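Data first, discussion second: the structure below is written as structure tokens.
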Amino acid sequence: MFAVMKTGGKQYRVTSGDVLRVEKIAAEAGEKVQFNDVLMVGGTVGTPLVDGAGVQAEVIDQIKGPKTIKFVKRRRKHSSKRTRGHRQQLTLVRITDILEKGADKSGVKAAVGGAGFAAAAAAAAPKKAKKAAAKPAAKAEAKAEPKKAAPKKAAANSDGDDLKQLSGVGPALEKKLHEAGVTTFAQIAAWTEADIAAMDEKLSVKGRIEREGWVDQAKELAK
């Protein structure tokens, strides 16, 4: 039996025993994981997914893909050029079982992407904790002074930086960055090459992060 599953934005046709290199999964070597985005199992085609189907696999190792070179040159008054190498983080897995139904009750850990955003998550954590601690006090003040609720909402929106100061970032792209948990220049300044590649794919900006030099701009704006 074969199945067509989706992970990391790619589709794979798999059978039991196949060894695959997929986008990094948050799991240790030896762990068993389950891919729940199954588009087809045997002759059953999903709409778009097959209900109750799953593909189980064993994590063999966390590896890196072949090195790719990125060369950026800006032909402007203050011209610049930069060469960088990148190796995509991947996970090597072996397909162990294909379930046509009952995958939601198997108890196997779901395969969750683990590439990128470590720095962004670490930087965003203190702000989330601060906001969570401030919620009880804000609710008490809102009950006592309901007319002051609107100014407090405006103040909450000022916690982050104005990301539209970055070259090529407008209101729509700023909203996408906020939805991805990126609200400050400090977070962007701390991005690694893996973070840049993962964020580029998540935002669908087609290399704009490297091309516009967001990380360098963010370092200057964060000072």
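We did not get these values from a lab; they are worked out from the coordinates using the rules stated. All figures in this text were calculated on a predicted structure; none of them were measured in a lab. Positions of Cβ are generated from backbone atoms using ideal geometry, with glycine treated the same way; all protein chains shown enter the neighbour counts.
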Quick calc, THR83 & GLN165: beta-carbon distance into FRET formula, R0 30 Å, rounding 0.05, result 0.65
Given R₀ = 35 Å, FRET efficiency for GLN11-VAL72 by Cβ-Cβ distance, to 0.05? 0.70
Each residue of segment 83-98 in order: what ³J(HN,Hα) in whole Hz does its phi give by Karplus 6.51 cos²θ - 1.76 cosθ + 1.60, θ = phi - 60°, with x for Gly and Pro? 10, 9, x, 8, 10, 5, 7, 10, 10, 8, 10, 10, 5, 10, 7, 10
Sequence neighbours fewer than 8 away in the same chain don't count; with that in mind, list the aspartates and glutamates whose C-alpha is under 20 Å from LYS32. ASP18, GLU23, GLU58, ASP61, ASP97, GLU100, ASP104
If you count, for each residue, the other Cβ atoms within 10 Å and average over each peptide, how do 49-60, 168-179 line up from highest to lowest? 49-60, 168-179
